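Taking it in order: structure first as structure tokens, then the write-up.
The values are calculated or read from the model by the stated rules, or taken from the named source; none is laboratory data. Keep in mind the model is a prediction, meaning the values are calculated, not measured. Cβ placement follows ideal geometry from the backbone for every residue including glycine, while neighbour counts extend to all protein chains displayed. In case anyone asks, the SASA skips ligands and DNA or RNA and just uses the protein heavy atoms, side chains included. Shrake-Rupley method; radii C 1.70, N 1.55, O 1.52, S 1.80 Å.
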Amino acid sequence: MSSEDQHRSVALVTLGCTRNEVDSEELAGRLAAGGWTLVDDVAGADVAVVNTCGFIEQAKKDSIDVILEAAEAKESGRTQAVVAVGCMAQRYGTELAEALPEADAVLGFDSYADMSAHLRAILAGDRPAAPTPGDRRHLLPLTPVQRQAAGGGVSVPGHATTLDTDTGEGTTGRRAPHTPDLPEGIAPASGPRVVRQRLDQRPWAPLKIASGCDRRCSFCAIPMFRGAFLSRHPDDVVAEAEWLGMHGARELFLVSENSTSYGKDLGDLGALDALLPRLTAVEGVDWVRVSYLQPAEVRPTLLDAMAGTPGVVPWYDLSFQHSSAAVLRRMRRFGSSESFLELIASIRSRSPLAGIRTNVIVGFPGETDADVAELTSFLTAARLDVVGVFAYSDEDGTEAQTLDGKVGAAEIADRYAEVSDLVESLTADRALDRVGEEVSVLVEEIDEEQVVGRSAHQGPDVDGATLLTWPEGRDLPVVGDFVTAVVVDAEGVDLVAEPR
């Protein structure tokens, strides 16, 4: 291999959710271990790897736009190849490759372990085959408890922690296999061995605890291309947490498609309850945040563990999607306004100042004016901190695509506007309710005029921020510091606070 070949450069562009961010950092670790130089600018890289999102129509359009923009760099910059990976690439595979010749290759999840070899082959003129679209749920046994043993032959992005130990007596589930030594900066000389490289300097990091989903929500295509639910072994999660703590992560953001299912394939439905204190004990880590809670699976013991474990922040990411029992049944989900309000009350009885967020869909097939009225009544009563509102659209291959009672586009737009306007008002009022509260703020950004961070009840990126009015003459904090402050005002969902 020539010296030039050994020092090829690659730029990773990540779209979509925090789960995709974990996958990109795994790819970064694998590529760095393979001798690639990671660069930020697509135009300055030999290869641009676009980690696509395939969740909803707008996300797919955004992914295509980024691929096309990266392809333009082949005309004006150093870039020689553009490669699509990620959810959209896995979901559409050969169809995407045929429809988007600007991409030099479309690679699925099964290509991740050999990504370095694939990229070198692409630069040499080869064109690896794109994945054939299919349902990845069929790759693992139907029974969850049979999956850990069978999972060794299935590529699951974000599950690439590597340790020197094999499954020991008394442990449960399949451990990640040992891999060769990794270069300095990818894995420490001692301690946890992780195939991952951080791509930013944020004081928080997503940590994947599971992949896939066993639920059959009629509007969601994610299980088809992400596969059946598979937990990571708790020891592997802790090992990666330790590595992240060594690399500047003061907050761990636990991600999966459904965190409340964690451990069911390990034969232990209380596995998450037991994992939380192990993660909060990791050196360098102060906060642990749990995301993607399925309301129908939330157990009192999990709520007790979240509220009772010091270091687990009072933040509850509950996927309600709607509150009308009739609409929820058509979505193949469970619940109602009454049961959801009871769950919220149960959370607040344990943690009165908890932050609670959700997403809702309006315009689902069969939704009536009465259903919308019930949803708005529920949102008003729930006093949630953040609500993401989505307008329904058909997704390829989902059951909802075939349902009758489709709501017209104009009506969906009207309902979306109505609920969005209500949510904007309700969440602003909820933020004002916090005036006078003492909060702990993780500092994320500092400039000459402002210190910006997040309070414990605010999730990363989408839940608003806490703006600290810093006293003149007082030394500024640094990114990653925690500041105790008192909320004095709110601007929408953002809080304004004065440090103690």
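How large a share of the accessible area of the chain, in percent, is made up of carbon and sulfur atoms when the probe is 1.4 Å and the other protein chains stay in place?
Numbers: 10290 of 20470 Å².
Percent of accessible area from carbon and sulfur atoms in the chain: 50.
In sequence order, what are the phi-derived ³J(HN,Hα) couplings for the stretch 318-333 according to the Karplus relation 6.51 cos²θ - 1.76 cosθ + 1.60 with θ = phi - 60°, rounded to whole Hz, with x for glycine and proline?
Once rounded to whole Hz, the list reads 9, 8, 6, 6, 5, 10, 6, 4, 5, 5, 4, 4, 5, 6, 6, 10.
How many percent of Cα pairs in the stretch 337-486 exceed 25 Å? Mind showing how you got there, number by number?
Details: 5002 of 11175 pairs.
So the pairs more than 25 Å apart make up 45 percent of the total in the stretch 337-486.
Can you list which of the GluC sites (Glu not before Pro) found in the stretch 252-324 are DSSP loop residues with at most 15 other C-beta atoms within 10 Å?
Numbers: sites: E257, E283, E297; in loops: E257, E283.
Taking the stretch 252-324 and a limit of 15 other Cβ atoms within 10 Å, the loop GluC sites (Glu not before Pro) found are E283.
Run down the aspartates and glutamates and flag those whose C-alpha is under 18 Å from the C-alpha of K74, throwing out any fewer than 8 positions away in its chain.
Straight-line reach from K74, under 18 Å: D40, D41, D46, D65, E102, D104, D126.
Aspartates and glutamates near K406 by alpha-carbon distance under 15 Å, same-chain residues fewer than 8 away left out - which ones?
Partners within reach: E367, D369, D371, D394, E395, D414.
For q = 0.10, 0.11, 0.17 Å⁻¹, what log10 I(q)/I(0) does the stretch 204-329 give under the Debye formula with an equal point scatterer on each alpha carbon and no solvent?
Cα-only, vacuum Debye calculation for the stretch 204-329: -0.31, -0.38, -0.87.
Give the share of C-alpha pairs in each 5 angstrom bin for the stretch 458-500, from 0 to the last occupied bin, in whole percents, shortest bins first.
With 5 Å bins starting at 0, P(r) equals 6, 20, 28, 27, 14, 5, 0.
Using θ = phi - 60° and the Karplus form 6.51 cos²θ - 1.76 cosθ + 1.60, what ³J(HN,Hα) does each residue of the stretch 101-114 get, whole Hz, x for Gly and Pro?
Values per residue, Gly and Pro as x: x, 5, 7, 6, 7, 10, 10, x, 4, 5, 8, 4, 5, 10 Hz.
For the stretch 296-322 and the stretch 108-145, compute the distance between their C-alpha centroids and round to whole Å.
When both Cα centres are located, 35 Å separates them.
Within a Cβ distance under 10 Å of V22, other residues only, what is the Lys/Arg minus Asp/Glu net charge?
Values: positive: R19, R196, K208; negative: E21, D23, E25, E26, E240.
With Lys, Arg at +1 and Asp, Glu at -1, the neighbours total -2.
What is the spread of the Cα atoms of the chain along each of their three principal axes, largest first, in whole Å?
Largest to smallest, the principal-axis extents are 65, 62, 55 Å.
Please enumerate, by chain and number, the lysines with C-alpha under 17 Å from the C-alpha of K264, excluding those fewer than 8 residues away in the same chain.
K208
How would L68, L230, L139 line up by accessible area, probe 1.4 Å, largest first?
Solvent-accessible surface, decreasing: L139, L68, L230.
Hydropathy at least -1.0 by Kyte-Doolittle, axial extent at least 30 angstrom from the Cα trace: which helices of the chain, defined as entire DSSP H runs, fit? Show your work: numbers first, answer last.
Working: long enough: 409-433 (36 Å, -0.08).
Span-like helices in the chain: 409-433.
Would you mind getting the accessible area per residue of the stretch 194-273, heavy atoms of the protein chains only, 1.4 Å probe, in Å²? Walk me through the numbers before you get to the answer.
Working: 1840 Å² over 80 residues.
Using a 1.4 Å probe on heavy atoms only, each residue of the stretch 194-273 averages 23 Å².
What is the distance in Å between the Cα centroid of the stretch 40-91 and that of the stretch 363-397?
33
Take every Cα pair under 8 Å in the chain that's 6+ residues apart, average their separations, divide by the length, and report that relative contact order as a whole percent. Don't jump to the answer; show the numbers that get you there.
Numbers: 1024 pairs, mean separation 47.0, N = 500.
After rounding, I find 9 percent.
If you take the Cα atoms of the stretch 1-60, find Rg, then find the Kirkwood Rh from the mean of 1/r over all pairs, what is Rg/Rh? Please report the intermediate quantities before stating the final value.
Working: Rg = 13.0 Å, Rh = 12.4 Å.
Taking Rg over the Kirkwood Rh, I get 1.05.
What's log10 of I(q)/I(0) for the stretch 417-479 at q = 0.16 Å⁻¹, Debye sum over Cα points only, no solvent?
Normalising to I(0) and taking log10 leaves -0.63.
What does the net charge come to around T427 if you take all other residues with beta carbon closer than 14 Å to its beta carbon, with K and R at +1 and D and E at -1? If you can, show how the numbers build up before the last one.
Working: positive: R357, R383, R430, R434; negative: D385, D421, E424, D429, D433, D463, E491, D494.
Local charge sum for T427: -4.
Run through the stretch 384-475 and list the trypsin sites (Lys or Arg not before Pro) located in a DSSP loop whose Cβ has at most 10 other Cβ atoms within 10 Å. Show your work: numbers first, answer last.
Details: sites: K406, R415, R430, R434, R454, R474; in loops: K406, R434, R474.
Filter output for the stretch 384-475: R474.
Report the Cα-based extents of the stretch 283-409 along its three principal axes, largest first, to the nearest Å.
Ordered largest first, the stretch 283-409 gives principal extents of 52, 30, 22 Å.
Cysteines without a disulfide-compatible partner in the chain, using Cβ under 4.7 Å as the rule?
When partners are defined as cysteine Cβ atoms under 4.7 Å apart, the chain leaves C17, C53, C87, C213 without one.
Ratio of alpha-carbon Rg to the 2.2 N^0.38 Å globular estimate for the stretch 1-120, to two decimals, please.
On the way: Rg = 13.2 Å, N = 120, 2.2 N^0.38 = 13.6 Å.
Scaled against compact globular proteins, the figure is 0.98.
Roughly what % of DSSP beta bridges within the chain run antiparallel, to the nearest 5? Walk me through the intermediate numbers first.
Details: 23 of 63 bridges.
Around 35 percent of the beta bridges assigned by DSSP in the chain are antiparallel ones.
May I ask for the net charge around G408, where only other residues with Cβ less than 14 Å from the Cβ of G408 are counted and Lys, Arg are +1 while Asp, Glu are -1? Don't skip to the end; give the middle numbers.
Working: positive: K406, R415; negative: E367, D369, D394, D404, E411, D414.
Net of charged neighbours comes to -4.
Work out the length of the dipole vector of the chain about its Cα centre, built from +1 on the beta-carbon of each Lys and Arg and -1 on the beta-carbon of each Asp and Glu, and round it to the nearest 20 debye. Show your work: numbers first, answer last.
Numbers: 44 positive and 79 negative charges, 359 e Å.
In total the dipole reaches around 1720 debye.
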